[in-house]
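Below is one structure; the comments refer to it alone.
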């Protein structure tokens, strides 16, 4: 793809910026900021959908155009029909970048970012609303939408799952994300600081949902805790449906170990950096991921990573993480123990990690997206003529 001299006006979905910022929210925020910094930046028209967003305009970019319809109702309708449309709301956009799976019915050419394929590959792991992404995406692809993925892994899965040769048709764009800006560190909450008291800890970051595989991580921690008597396990992220099972495994540990498992809940950007910088190792044992921001953040800050050997994590890690079988707590435990005790392996992972993380930056992301916008607009113009 070539970098355009002039980019078309783009309607850019910022719905993911509302509420607690998960990985998708970070991807959207950083992509938007990078596009706005680009020398040949396009005019971006931010839009969002969901009745609840009317009260959250302060978290949205200035000028965001909101579709004030309940999200579940829109998802249900868009999975079954080509309405409601809101092209009029997006004028004078020439194309749409649906940044988070959901491409609204439209007469405009559309680029849809698919961050992962969990909604189609592992529907039992996601909420009913997220499962609605499948029919919506299939309808979008059927009307000619292009697909953007941040990894080759997700791109290949998308072609496999949706049965369309998007690559051959020139409708598949692979543009990796960068590493989220970490910002300055800030103190941990008194409750967390009091429990850690300067002790070493394994860190896991992410929402408490089943694909994050946190109960097995807690089990793995229990297997090595007797050999590392001051070691703690810190799990930082918003609550989710897997909190009860995570707490149940923690409760089954011996009393001395149980007290060393800390669930912090969501943390701000400054505390997130503090937690990463202070960690002995970052553990990322997810059953499935489409990219892997926590892994790259840790590598940037010189923290070794033990990650799952599935999904897109091996691709993003590029040999700079110690990979384990996420379905086997013993494998997770062995990997953690090795990185905690083998000084040479730690040094190797830290050095490899810094180099690997440096390969991901938002300037490259913006350049790739700008080129995709120009190509998509040009293709639409050729078809219409």
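Derivation of every value follows stated rules applied to the coordinates shown; laboratory data play no part. The structure presented is a predicted model; accordingly, all values stated were derived computationally and were not measured. Cβ placement follows ideal geometry from the backbone for every residue including glycine, while neighbour counts extend to all protein chains displayed.
Would you mind ranking 122, 49 by Cβ crowding within 10 Å, fewest neighbours first?
Ordered from fewest to most neighbouring Cβ atoms within 10 Å, 122, 49 come out as 122, 49.
Please give the peptides 8-19, 233-244 ranked by average Cβ packing (other Cβ atoms within 10 Å per residue), highest first, as a rough proxy for protection. Don't skip to the answer; put the middle values down first.
Working: 8-19: 22.1, 233-244: 18.6.
Listed from highest to lowest mean packing, they are 8-19, 233-244.
Only counting other Cβ atoms within 10 Å, I'd like 159, 209 sorted with the fewest neighbours first.
159, 209
Return one number: the angle in degrees, 0 to 90 and rounded to the nearest 10, between the long axis of the Cα atoms of helix 362-384 and the longest principal axis of the Cα atoms of the chain.
30 degrees
Kindly work out what percent of the DSSP beta bridges joining two residues of the chain are antiparallel, to the nearest 5.
Roughly 0 percent of the DSSP beta bridges within the chain come out antiparallel.
Taking only C-alpha pairs under 8 Å that are 6+ residues apart, what is the relative contact order of the range 190-358 in percent?
About 23 percent, as a whole number.
If you average the sequence gap of Cα pairs under 8 Å that are 6 or more apart and divide by the length of the chain, what percent do you get for the contact order?
Relative contact order of the chain: 17 percent.
Helix 243-252 versus the longest principal axis of the chain: what is the Cα-based angle in degrees, 0 to 90, to the nearest 10?
The helix 243-252 is inclined about 10 degrees to the chain.
Using only Cα atoms and rounding to the nearest 10 degrees, what angle (0 to 90) does helix 214-224 make with the longest principal axis of the chain?
Here the helix axis deviates by roughly 20 degrees.
Could you list the square roots of 5 times each eigenvalue of the Cα gyration tensor of the range 190-358, that is, the equivalent ellipsoid semi-axes, sorted largest first and rounded to whole Å?
Over the Cα atoms of the range 190-358, the semi-axes work out to 22, 17, 16 Å.
What ranking of 59, 151, 334 emerges when the number of other C-beta atoms within 10 Å of each C-beta is taken as an exposure proxy, fewest first?
59, 334, 151
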